[in-house]
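Below you'll find the structure, written out as structure tokens, and then a few comments.
The values are calculated or read from the model by the stated rules, or taken from the named source; none is laboratory data. Just so we're clear, the structure is a prediction, and the values are computed from it rather than from any experiment. Note: ideal-geometry Cβ built from the backbone for every residue, glycine included; neighbour counts use all protein chains shown. Calculation scope for accessible area: heavy atoms of the full protein, side chains included, ligands and nucleic acids excluded. Shrake-Rupley method; radii C 1.70, N 1.55, O 1.52, S 1.80 Å.
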Amino acid sequence: MIRIGIIFYFFLFIAPLATPAHSSDLHGLWQTAKSAIINISQYGAAMCARLQSFRPPDGQRQQDVLDLRNHDTAKRARKVLGLRVLWNIKAAGENKWQAEGYDPGEDTKSA
């Protein structure tokens, strides 16, 4: 599901795996409320986050899970591991951030 605006969904329930150098530095590995690990890094002029690891459905390996719930049928064959889940991450105040995002675990009908 595409989410635009302040990314409370990710950051209200995300805990850092390592203490950032500065409180305003998001770079690094973060754990989501669903126990997925995302890697936030610089991507051009803005930051983005890629899915580093996640709990796969029973009987599957992370490396084999496809983006089957994507509303765009052309993207359903892409692998979820390594998928960009947040992009255009920008500061929106002290310890507040804005971004666009995609949650491959959510059913979605619009972009």
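Report yes if D25 is closer than 27 Å to A92 by Cα, charged (D, E, K, R) and either open to solvent by less than 70 Å² (accessible area, probe 1.4 Å) or modelled with pLDDT under 85 (or both), otherwise no. Don't jump to the end; show me each part of the working.
Working: closer than 27 Å to A92 by Cα: yes; charged (D, E, K, R): yes; either open to solvent by less than 70 Å² (accessible area, probe 1.4 Å) or modelled with pLDDT under 85 (or both): yes.
So D25 fits the description; yes.
Filter segment 42-57 for residues that are modelled with pLDDT of 95 or more and among the small types (G, A, S); which is nearest to R84 (Cα to Cα)? Applying the filter and picking the extreme gives A49.
Evaluate segment 46-63: report whether one residue or more is hydrophobic (A, V, I, L, M, F, W, C) and farther than 17 Å from W30 by Cβ. Show your work before the answer.
Initial filter on segment 46-63 (hydrophobic (A, V, I, L, M, F, W, C)): 46-49, 51, 54.
When the remaining residues are screened for being farther than 17 Å from W30 by Cβ, the result is none.
Within segment 46-63, none of the residues are hydrophobic (A, V, I, L, M, F, W, C) and farther than 17 Å from W30 by Cβ.
The residues of segment 49-59 that are within 21 Å of A33 (Cβ to Cβ) and assigned to a loop (DSSP other than H, G, I, E, B), listed by number, are F54, R55, P56, P57, D58. Within segment 60-93, which residues are within 14 Å of C48 (Cβ to Cβ) and part of a strand (DSSP E or B)? Within segment 60-93, R84, V85, L86, W87, N88, I89, K90 meet the criteria. In segment 78-106, the residues that are surrounded by 14 or more Cβ atoms within 10 Å (Cβ to Cβ) form Cβ pairs under 8 Å with partners that are acidic (D, E) and assigned to a strand (DSSP E or B), at six or more places apart or across chains, as follows: L86/E100; W87/E100; N88/E100.
Out of all the residues in segment 64-111, which are of a type in the set (G, A, S) and either farther than 25 Å from L29 by Cβ or within 16 Å of the chain's Cα centre (by Cα) (or both)? Across segment 64-111, the qualifying residues are A74, A77, G82, A99, G101, G105, S110, A111.
Can you confirm whether G5 is modelled with pLDDT under 90 and either within 19 Å of G101 (Cα to Cα) or under 17 Å from the mean Cα position of the chain (by Cα) (or both)? Walk me through how you get there before you give the answer.
On the way: modelled with pLDDT under 90: yes; either within 19 Å of G101 (Cα to Cα) or under 17 Å from the mean Cα position of the chain (by Cα) (or both): yes.
Answer is yes for this residue.
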